[in-house]
Structures are given as structure tokens and as C-alpha cells.
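Undergrad: Dumping the structure here so I can ask a few things about it.
The values are calculated or read from the model by the stated rules, or taken from the named source; none is laboratory data. All values derive from a computational prediction rather than experimental measurement. Positions of Cβ are backbone-derived with ideal geometry, glycine not excepted, and every protein chain shown enters the neighbour counts. These accessible areas exclude ligands, DNA and RNA; they are computed on the full protein's heavy atoms, side chains included. Shrake-Rupley method; radii C 1.70, N 1.55, O 1.52, S 1.80 Å.
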Amino acid sequence: DTGLSLPLAGSASGRAGLAGCDAETREAVINEIRVKTPDDAARYEADIRQAVKDCARHGFCTVDGDLVTGIQAAGVPYGRIASGELVVFNCAFQKPTPGGSRSASWLGKEVGPKLLQMVRTLRESRVS
């Protein structure tokens, strides 16, 4: 849904955003999640840390029904823009019905790399 507000810890865009932060900021946000939403911290902290590793290694992270059953998504941190805001791009899909042609690996093999290429193209074309 357009404009849908989701918990940072459970979404591809939230995890990519945390991966795009410096380590000090990321740890401060994770600590805030622990304090304000301990259930989210317990459920998602390991996934957040894996997403940070995935973004460092592959340039993107993915989720497969982690937050909303049936939703697959990939996220890529773009970086900070002139105003200092961190920008993240994501792409989300309704998971196909059982027996459908898209598996979770589709995100890592098709969607994530293409989204990353789009972000790289945007980075290269931006005016400094």
C-alpha cells in the first residue's frame, strides 16, 4: 500500500537504511528499538545484523515474509543526499501462491542486483 508505515526493524527498506548508517548511529537506533519495542528487537535484531552484512557484501538486503506474510522485498541504501537525509530504495512484491514460479532466491538473484544497478546509476548521475 502506498504510504504504508512499517516498523523499521522488519522491512527491507528499514534494514537497508540501518545498513546505510554509520556504525554508531546504527547501534543507537538498534538500542532505541530494544527500549521502545522490545518485541521487535527480539524478533528482528539478528535479521537486522544479517541485512547489514548482506548490504556490505552484496549491496542489498532482502526480506521474505518477515514482517507481512506473503510480501517479498529487496532494499538498497543509496546514501545521504545534500540535506543529510539517508535515502533508501526498495522494491516489494506479493509472494505468488504456492507452486508459483518465484522463490525467495529470486529476490537475491534477480530483484536485488537490478535494484542495486539502478541505485548505482543514480549515484553516478547525481550532481555533487
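Undergrad: Express the carbon and sulfur contribution to the solvent-accessible surface of the chain as a percent, rounded to the nearest whole number, probe 1.4 angstrom.
TA: 52
Undergrad: Multiplying the sequence separation of residue 110 and residue 122 by 0.36 nm and subtracting their Cα-Cα distance, what value in nm do you get?
TA: Result for the pair: 2.4 nm of gain on full extension.
Undergrad: Let me ask you something else. So what is the accessible area of the chain per residue, in Å², with the probe set to 1.4 Å?
TA: On a per-residue basis, the chain sits at 61 Å².
Undergrad: Could you check the spin-label model distance between residue 31 and residue 69? Points 7 Å from the Cα along Cα→Cβ, value in nm.
TA: According to this spin-label approximation, the distance is 3.7 nm.
Undergrad: Right, here's the next one. Highest GNM mean-square fluctuation, the chain, Cα pairs closer than 10 Å: which of 92, 46, 74?
TA: Top of the fluctuation ranking is 46.
Undergrad: Expressed as a fraction of 2.2 N^0.38 Å, the rule-of-thumb size for a compact globular protein of N residues, what is the C-alpha radius of gyration of the stretch 1-73?
TA: Normalised by 2.2 N^0.38 Å, the Cα Rg of the stretch 1-73 equals 1.04.
Undergrad: Kindly identify the chain as rounded, prolate or oblate by the Cα gyration tensor criterion: order the square roots of the eigenvalues as a ≥ b ≥ c, call it rounded if a/c is under 1.5, otherwise compare a/b with b/c, prolate if a/b is larger, else oblate.
TA: It is oblate, given that a/c is not under 1.5 and a/b is not larger than b/c.
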